[in-house]
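First up is the structure itself, then whatever we jot down about it.
Laboratory data are not the source of any read-out in this text; all were calculated from the coordinates shown. None of these values were measured; they are calculated from a predicted model. Here the Cβ positions follow ideal geometry from the backbone for every residue, glycine too, while neighbour counts run over all protein chains shown.
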Amino acid sequence: TTMPYMKVVIDTLKEKGLRDDYVVLVGGAPLNEEFGKAVGADAYCRDAAVAVETAKEFMKRKHNSLAAGA
């Protein structure tokens, strides 16, 4: 399982000053929203289809915020 490493990856992104450059989604059968929050993920997705829609929403928000700042 990759569960023990999810927080390690997120913490490493923070240590390297890269956390704000990436959207981190976690999910799958053994996980839940509480776990996602505990490891510092941006969102929990119950399956790959939800992850795709969630990623699209994050990208839309980023695009809109960049467009508003231009």
Within region 31-61, residues over 15 Å from residue 4 (Cα atoms) and among the polar types (S, T, N, Q) come out as 54
Selection from region 23-39 of residues surrounded by 11 or more Cβ atoms within 10 Å (Cβ to Cβ), without any contact (Cβ under 8 Å) to a residue 24 or more places away in the chain and not aliphatic (A, V, I, L, M) yields 28, 32, 33, 36, 37
* To do: Go through the residues of region 56-66 one by one and say whether even a single one is small (Gly, Ala, Ser) and either crowded, with 16+ Cβ neighbours inside 10 Å or part of a helix (DSSP H, G or I) (or both).
  => yes
Of the conditions (1) in a helix (DSSP H, G or I); (2) under 12 Å from the mean Cα position of the chain (by Cα), the single one that residue 44 does not satisfy is (1)
Of the residues in region 1-34, those that are β-branched (Val, Ile, Thr), within 12 Å of the chain's Cα centre (by Cα) and part of a helix (DSSP H, G or I) number 2
